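Here the structure is laid out as structure tokens; the discussion comes afterwards.
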Amino acid sequence: MTYTLPELSYDYAALEPHISARIMELHHSKHHQAYVTGANAALDAMAEARATENFVNLPRLQKDLAFHLGGHVNHSIFWKNLAADGGEATGELLAAITEYFGSYDGFQKHFNAAALGIQGSGWAYLAWDSMGNRLVIGQLYDQQGNLAMGMIPLLMLDMWEHAFYLDYVNVKADYVKAFWNIVNWQDVATRFESVKAGSASLLLG
């Protein structure tokens with residue numbers, strides 16, 4: 001298997017009361033696993049298409065791979081973006097947030113608006129734009145749409161219903177508010193330092 005489900009560095013109950021153990025178990029062991037399985041299945045189907053020189057389904061398979069691999073990448077980052085004792089943004093990361101968004105409060109309000117403004121399923125993200133050499137906030141539709149090439153995600157928030165519905169029902173704003181209590185700013189800072197140094201090697205690490 002090319003892709004495998006990563007283990008969490010904390011147990012399923014570690015993020016309570018902000019995210020319940022039941023959601024974490026389902027989200028990680030069922031939903032994330034489904035993306036891993038789907039990405040591997042798409043690769044296998046592409047290999048079979050090459051072997052038989054039957055490429056009629058290639059456009060669909062490429063879309064399948066993009067969707068499932070997007071889910072795998074997004075969740076692999078998301079799990080590491082979370083911690084029971086999240087702390088606060090500090091140092092160069094906080095300075096950059098202030099530079100590009102005016103203030104930490106301005107950044108947080110912008111990020112919240114991006115998360116709550118998603119129509120349907122998707123993600124809110126803070127990313128490093130390697131072309132513009134700056135931080136940007138954006139929305140990701142489904143798992144892979146609306147993300148420009150060259151964007152390196154630093155902080156991601158899953159806004160699919162499976163991420164919050166058992167705890168927050170349809171009150172997305174409460175889920176987004178709770179998210180700020182468990183952001184692993186050390187992980188975000190490490191990713192930021194990596195991209196500033198010209199390396200994306202810590203994308204999933």
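The values are calculated or read from the model by the stated rules, or taken from the named source; none is laboratory data. In this text the structure is predicted, and so the values were computed from the model without any measurement. Ideal geometry is used to build each Cβ from the backbone, glycine not excepted, and the neighbour counts take in all protein chains shown.
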field: the stretch 60-82 residues that are more than 15 Å from T190 (Cα to Cα), paired with ones that are surrounded by fewer than 19 Cβ atoms within 10 Å (Cβ to Cβ) and charged (D, E, K, R) (beta carbon under 8 Å, 6 or more apart)
entry: F67/D142; G70/D142
Number of positions in the stretch 114-149 that are under 20 Å from A89 (Cα atoms) and among the polar types (S, T, N, Q): 1
- request: Scan the stretch 188-197 and give yes if some residue there is more than 20 Å from L82 (Cα to Cα), touching a residue at least 40 places away in the same chain (Cβ under 8 Å) and in contact with an Asp or Glu (Cβ under 8 Å, 6 or more places away or on another chain), otherwise no.
  value: yes
message: One residue is enough: does the stretch 10-28 have a residue meeting the conditions modelled with pLDDT of 95 or more, among the basic types (K, R) and within 22 Å of K172 (Cα to Cα)?
response: yes
- prompt: List the pairs whose first member sits in the stretch 102-116 and is at pLDDT 95 or above, whose second member is of a type in the set (S, T, N, Q) and outside any helix (DSSP H, G or I), and whose Cβ atoms are under 9 Å apart, counting only residues at least 6 apart or on separate chains?
  reply: A114/Q139; A115/Q139
field: In the stretch 160-187, the residues that are buried (at least 18 other Cβ atoms within 10 Å of the Cβ), in contact (Cβ under 8 Å) with a residue 12 or more places away in the chain and more than 19 Å from F107 (Cα to Cα)
entry: W160, A163, F164
query: Can you name every residue in the stretch 1-16 that is out of contact with any Ser or Thr (no Cβ under 6 Å at 6 or more places or on another chain) and in contact (Cβ under 8 Å) with a residue 24 or more places away in the chain?
result: M1, T2, Y3, T4, L5, L8, S9, Y10, A14, L15
- request: Name every residue in the stretch 149-159 that is touching a residue at least 12 places away in the same chain (Cβ under 8 Å) and surrounded by fewer than 19 Cβ atoms within 10 Å (Cβ to Cβ), in order of residue number.
  value: G150, M151, I152
query: Out of the stretch 47-91, which residues are within 22 Å of the chain's Cα centre (by Cα), loosely packed, with under 12 Cβ neighbours inside 10 Å and either at pLDDT 95 or above or part of a helix (DSSP H, G or I) (or both)?
result: T90
- request: Report, by residue number, each residue of the stretch 1-38 that is of a type in the set (D, E) and part of a loop (DSSP other than H, G, I, E, B).
  value: E7, D11, E16
field: Hits in the stretch 150-189 - residues which are within 22 Å of E88 (Cα to Cα), outside any strand (DSSP E or B), among the acidic types (D, E) and within 16 Å of the chain's Cα centre (by Cα)
entry: D187
Residue check, Q143 of a type in the set (S, T, N, Q), in contact (Cβ under 8 Å) with a residue 40 or more places away in the chain and crowded, with 21+ Cβ neighbours inside 10 Å: yes
message: Given the criterion hydrophobic (A, V, I, L, M, F, W, C), out of contact with any helix residue (DSSP H, G or I) (no Cβ under 7 Å at 6 or more places or on another chain) and within 18 Å of A89 (Cβ to Cβ), identify the matching residue among F192, F107, F111.
response: F111
